[in-house]
Amino acid sequence: MLLLTHDDVAGLLAPEEIIEALREALLEQSKGLVQVPPRTTVDSSSGLGWLRTMPAILNGSKVMGFKAMHSTPGVGVGYFVDLYDLPTGELLAMMDADWLTAQRTAATAAIGVDLLARKTIRTVGVLGSGEQARSMLIAASKVRQLQQVNVFSPTPAHRQAFAEQIGREQRLNITPVERPEQAVVGCDLLLSVFRAGKEPFVAADWITPGMHICAASSVRPAARELEDHIWRKAAVVAVDDRTHAFESGDGRSAIASRSFDAECAIELWELVSGQKRGRSTDSDVTLFKSVGTALQDLAIAKAVYQRARQKGLGRDLGRFPKMRPHA
């Protein structure tokens with residue numbers, strides 16, 4: 001079993017490789033070869049955080065496993081993945097999944113952009129300036145040429161640093177703006193990835209014809225990101241997982257207000273495989289609601305494991321755990 005720390009994993013795969021690995025996994029899902037049961041989230045009755053486990057089996061890729069994540073108030077969030085070889089049952093790796101989580105969310109968003117956004121992207125609006133926003137913008141730049149990027153973060157220093165650093169590294173023209181609507185109104189692509197609160201942050205009035213929205217901030221049931229009427233404006237609503245997308249605060253509210261019917265949502269694998277179509281016209285508003293799935297985690301974890309083996313990274317702990325043979 002290979003133990004992979006954050007330093008072992010971070011930067012091990014290029015964004016293009018992550019996007020390709022995820023696209024292949026979604027095609028595998030379209031063939032009925034992936035099992036992604038409901039995830040389990042347990043909130044501490046003492047108020048000391050929560051624990052989530054997310055299992056999946058990729059029968060075509062011949063791996064299985066799970067991601068576990070936990071949040072502790074005042075401390076932070078931690079992630080790790082256990083990756084098993086399906087034919088032998090061998091635990092291949094335990095890996096820190098902080099970098100992996102940001103990258104798989106970004107790659108999923110990029111696939112959504114590729115399938116749903118207009119071919120020409122003049123202006124991108126980014127809400128958020130953390131690692132996830134950085135990863136998502138870079139991934140989007142691999143599927144579309146981005147002419148102008150406007151970024152909003154409530155902390156001026158953070159948005160300024162984001163604009164300067166990412167602009168320099170990725171050769172993108174990024175401008176920090178003082179109000180969120182300055183990033184959103186009139187953009188062709190909105191990447192919304194910030195720490196969502198209890199009230200909607202993106203107003204329906206800010207959404208203009210032709211926009212593609214990637215909403216990845218509202219994941220927990222109490223978290224809000226989009227006003228309900230945005231769901232009504234969207235000609236196409238795609239999700240990475242229909243069940244879990246509508247467990248988010250935004251999804252719950254959209255259903256409760258009858259702004260959207262969950263059965264009308266298209267899952268991403270249906271678009272990747274060509275079973276469903278996306279945008280019909282350049283004036284359509286399209287929405288991709290992302291909450292993350294174990295399919296995404298394990299597809300990237302397998303690619304990370306293979307590359308780590310090639311490079312001799314990580315600490316090999318031998319066979320673990322002990323396998324008890326069947327009687």
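The values are calculated or read from the model by the stated rules, or taken from the named source; none is laboratory data. Quick caveat, the model's predicted, so the values are computed rather than measured. Cβ placement follows ideal geometry from the backbone for every residue including glycine, while neighbour counts extend to all protein chains displayed. Remember, those area values only see protein heavy atoms, side chains included, never the ligands or the DNA or RNA. Shrake-Rupley method; radii C 1.70, N 1.55, O 1.52, S 1.80 Å.
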* **Isotropically averaged projected area of the stretch 145-229, using the convex hull of Cα atoms (one quarter of hull area), nm²** => 5.9 nm²
* To do: With a cut-off of at most 15 other beta carbons within 10 Å, and DSSP calling the residue loop, which GluC sites (Glu not before Pro) in the stretch 162-243 qualify? Please list them.
  => Glu178
* Structure fact -> With Cα springs under 10 Å, the Gaussian network model of the chain assigns the largest mean-square fluctuation among Gly65, Gly197, Gly74 to Gly74
* Asked: Relative to the first principal axis of the alpha-carbon coordinates of the chain, what is the inclination of helix 15-30, with its axis defined by its Cα atoms, in degrees from 0 to 90 and to the nearest 10?
  -> 80 degrees
* Asked: Rounded to a whole number, what % of the accessible area of the chain do carbon and sulfur atoms account for, probe 1.4 Å?
  -> 50 percent
* Structure fact -> Sorted list, accessible surface of protein heavy atoms, 1.4 Å probe, largest first, for Asp82, Asp114, Asp205, Asp43 is Asp205, Asp43, Asp114, Asp82
* To do: Compute the Rg to Rh ratio over the stretch 177-318 from the alpha carbon atoms, using the Kirkwood formula for Rh, and round to two decimal places.
  => 1.06
* To do: Could you tell me which trypsin sites (Lys or Arg not before Pro) in the stretch 128-196 are loop residues by DSSP with no more than 13 other beta carbons within 10 angstrom of their beta carbon?
  => Arg171, Arg195
* Distance between Cα centroids, the stretch 263-317 to the stretch 126-195: provide it in whole Å. => 22 Å
* How much accessible surface area, in Å² rounded to 10, belongs to the heavy atoms of Asp7 with a 1.4 Å probe? -> 130 Å²
* Asked: How large is ³J(HN,Hα) for each residue in the stretch 257-265, as worked out from phi by the Karplus curve 6.51 cos²θ - 1.76 cosθ + 1.60 (θ = phi - 60°), to whole Hz, x for Gly and Pro?
  -> 8, 6, 7, 7, 9, 4, 5, 8, 6
* Structure fact -> Of all trypsin sites (Lys or Arg not before Pro) in the stretch 252-326, the ones in DSSP coil with at most 16 other Cβ atoms within 10 Å are Arg258, Lys276, Arg277, Arg319, Lys322
* Asked: What are the ³J(HN,Hα) values, in whole Hz, obtained from phi via the Karplus relation 6.51 cos²θ - 1.76 cosθ + 1.60 with θ = phi - 60°, for each residue of the stretch 202-211 in sequence order, with x given for Gly and Pro?
  -> 9, 7, 4, 5, 7, 7, 10, x, x, 6
* To do: Could you list which residues have their amide H under 5 Å from that of Met211, counting only those 5 or more apart in sequence or on another chain, with H placed in the peptide plane?
  => Thr286
* Structure fact -> Listed by chain and number, the lysines with an alpha carbon less than 23 angstrom from that of Lys289, same-chain partners under 8 positions apart left out, are Lys31, Lys67, Lys119, Lys142, Lys198, Lys233, Lys276
* Principal axes of the stretch 49-102: Cα extent on each, largest first, Å -> 41, 18, 17
* Per-residue ³J(HN,Hα) for the stretch 154-166, Karplus 6.51 cos²θ - 1.76 cosθ + 1.60, θ = phi - 60°, Hz, x for Gly and Pro -> x, 9, x, 5, 5, 5, 5, 5, 4, 4, 6, 6, 5
* For Leu26, tell me the accessible area in Å² from a 1.4 Å probe, rounded to the nearest 10. => 10 Å²
* To do: State, as an integer percentage, the relative contact order of the chain based on alpha-carbon contacts under 8 Å between residues 6 or more apart.
  => 21 percent
* **Gaussian network model of the chain, Cα within-10 Å springs - most flexible of Ala245, Ala97, Ala161** => Ala161
* **the chain: most fluctuating residue of Ser283, Ser129, Ser248 per GNM, C-alpha cutoff 10 Å** => Ser283
* **Lys, Arg +1 and Asp, Glu -1 on Cβ, resulting dipole of the stretch 159-306 about Cα centre, debye, nearest 20** => 160 debye
* With every protein chain left in place, what is the accessible area of Cys264 in Å² (1.4 Å probe, nearest 10)? -> 80 Å²
* Once the Cα atoms of the chain are picked out, what are the Rg and Dmax in Å? -> 19.5, 67
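Run the helix sum for the chain: -39,500 (n - 2.57) per DSSP H stretch of 4+ residues, divided by residue count, reported at 222 nm to the nearest 500 deg cm²/dmol.
Only helices count here, giving -10000 deg cm²/dmol.
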* Once amide H atoms are built 1.01 Å from N in the peptide plane, which residues 5 or more positions from Arg224, or in another chain, come under 5 Å H to H? -> Gly197, Lys198, Glu199
* Structure fact -> Rounded to the nearest 5, the percent of antiparallel DSSP beta bridges in the chain equals 50 percent
